[in-house]
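The values are calculated or read from the model by the stated rules, or taken from the named source; none is laboratory data. All figures in this text were calculated on a predicted structure; none of them were measured in a lab. Ideal geometry is used to build each Cβ from the backbone, glycine not excepted, and the neighbour counts take in all protein chains shown.
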Amino acid sequence: MNTIYLDHSATTKVHPLVVEAMKSCWETDYGNPSSLHHKGRQARQYVDNARQSVAQLINADPKEIIFTGGGTEADNLAVLGAVSAQKSKGKHIITSQIEHHAVLNTCVQLSKQGYEVTFLPVDKQGVIDPADLKKAVRDDTILVTIMHANNEVGTVQPIGELAAIAAAKGVTFHTDAVQSLGKIRIDLAKLPVSLMSFSGHKIYGPKGVGVLYIRKGTKITPLQLGGHHEFNRRAGTENVPGIVGIARAMELVHKNLEADSARIAELRDYLESQISSRITDIQVNGHRTKRLPNMLNITFKYVEGEGIILNLDSSGICVSSGSACTSESLEPSHVLSAMSVPAELAHGSIRFSLGRENTKAEIEFTLDCLVKTVQRLREMSPLYKKK
């Protein structure tokens, strides 16, 4: 049975050219980049080259690039590090109700430690109103953290406008760009953000490596203590293969970004239009135009999303019900709840996230299986029979 993978927002297959770039770091050039001998200097050169490449791709200075152990660590370092560095200034933090749990749970933890957190609402399409942020900023606000694009519905926030509001008040602004990297071109010379988080495994790179962009002049306290690694911002021997991998993956996704995004969006739009014409009682979640090109979140009324996932999986099709980090939770999606989607409908929601290798033939097969699956599940649903 062939696999049709439509869960690229959870993780991606590592690109063969990324694997090739990483191989020498394991097999021959395995030195510690802090060592003075030739093996160490060789490893240091790999890290320096990767840092230069990442910085160039997002229009930043290499000294503003910090390599981390993943997107979650990058988010934690940004939020906790910025708050710790400014605790004498104030104890007010602003975030949104739809953040990834790497940010959301960190803010909740801070609220238990005496910080006041304002959770900005979103409209029914998942968009934050900049006017709400403007009203929320206070003299004691020390951090605003709002994601670039949502990981469940794909809605893209007006980050430039939101960051400008924070910048005008002298407030540090962080954005989680884990999902948008490689799908939307990012130019940090034009975006007035202080901090931005990335992850390798969402862009056909390896798991266990991320990037935190720290704009020059931004105050941040390190979370890991030890050696003088990463400009004294993140102690610990650098993951050289992972760093090489994320840099190569970023190079590859940026090479044909607009063309690839357009092709994937066309496939996504075809999937959406066919579902809409072939299956009744559905609801598309998220903004219809201001969204990532690869993502589609749809509610199938009167059925459970878990049932759809397992039935499609039996045919070799991989989809999800939202964030992979909360897939085992019985609670309805906090993102859909914030968008005023009732709990019973949120439980029937499926996220399709397409990637570079998906084909129209795969989408056609998925549609055939999906139509049969929803029909079969609805025939067993007492809610559907009462309709």
Somewhere in segment 293-300, is a residue surrounded by fewer than 21 Cβ atoms within 10 Å (Cβ to Cβ) and within 14 Å of Gln375 (Cα to Cα)?
no
Does Tyr204 satisfy being hydroxyl-bearing (Ser, Thr, Tyr) and either in a loop (DSSP other than H, G, I, E, B) or over 15 Å from Val54 (Cα atoms) (or both)?
yes
Among the residues of segment 246-261, what is the count of those that are within 14 Å of Gly355 (Cβ to Cβ) and part of a helix (DSSP H, G or I)?
6
Qualifying position, being under 30 Å from Val284 (Cβ atoms), small (Gly, Ala, Ser) and either in a loop (DSSP other than H, G, I, E, B) or not assigned by TED's automatic domain parsing to the domain that holds Thr72 (or both), among Gly126, Gly170
Gly126
Output for segment 57-72, where each listed residue is closer than 19 Å to Tyr204 by Cα and not β-branched (Val, Ile, Thr):
Leu57, Phe67, Gly69, Gly70, Gly71
Just for segment 190-201: of the residues that are assigned to a loop (DSSP other than H, G, I, E, B) and not aliphatic (A, V, I, L, M), which one is farthest from Asn232 (Cα to Cα)?
Lys190
For the subset of segment 1-13 comprising residues that are among the aliphatic types (A, V, I, L, M), within 27 Å of the chain's Cα centre (by Cα) and in a loop (DSSP other than H, G, I, E, B), which member is nearest to Leu181 (Cα to Cα)?
Ala10
Return the pair list, or none, for Cβ contacts closer than 8 Å from residues in segment 101-118 that are in contact (Cβ under 8 Å) with a residue 24 or more places away in the chain to residues that are in a helix (DSSP H, G or I) and of a type in the set (D, E, K, R), at least 6 apart or on different chains.
Ala102/Asp75; Val103/Asp75; Thr106/Asp75
Any idea which of (1) surrounded by fewer than 24 Cβ atoms within 10 Å (Cβ to Cβ); (2) under 25 Å from Ile264 (Cβ atoms) is the one Asp176 doesn't satisfy?
(1)
What are the pairs, 6+ residues apart or on separate chains, where a residue within segment 211-239 that is assigned to a helix (DSSP H, G or I) has its Cβ under 7 Å from a residue that is exposed (fewer than 15 other Cβ atoms within 10 Å of the Cβ) and not aromatic (Phe, Trp, Tyr)?
Phe231/Lys63
So which residues in segment 357-375 are of a type in the set (D, E, K, R) and over 12 Å from Leu312 (Cα atoms)?
Glu357, Lys360, Glu362, Glu364
Please pick out the residue among Ile243, Ile264 that is part of a helix (DSSP H, G or I), under 17 Å from Lys63 (Cα atoms) and hydrophobic (A, V, I, L, M, F, W, C).
Ile243
State all residues of segment 14-31 that are outside any helix (DSSP H, G or I) and exposed (fewer than 14 other Cβ atoms within 10 Å of the Cβ); if no residue qualifies, say none.
Thr28, Tyr30
I'd like to verify a number: residues in segment 304-337 that are at pLDDT below 95, in a loop (DSSP other than H, G, I, E, B) and farther than 15 Å from His8 by Cα, how many?
7
Does Ile264 satisfy being under 19 Å from the mean Cα position of the chain (by Cα), buried (at least 21 other Cβ atoms within 10 Å of the Cβ) and among the β-branched types (Val, Ile, Thr)?
yes
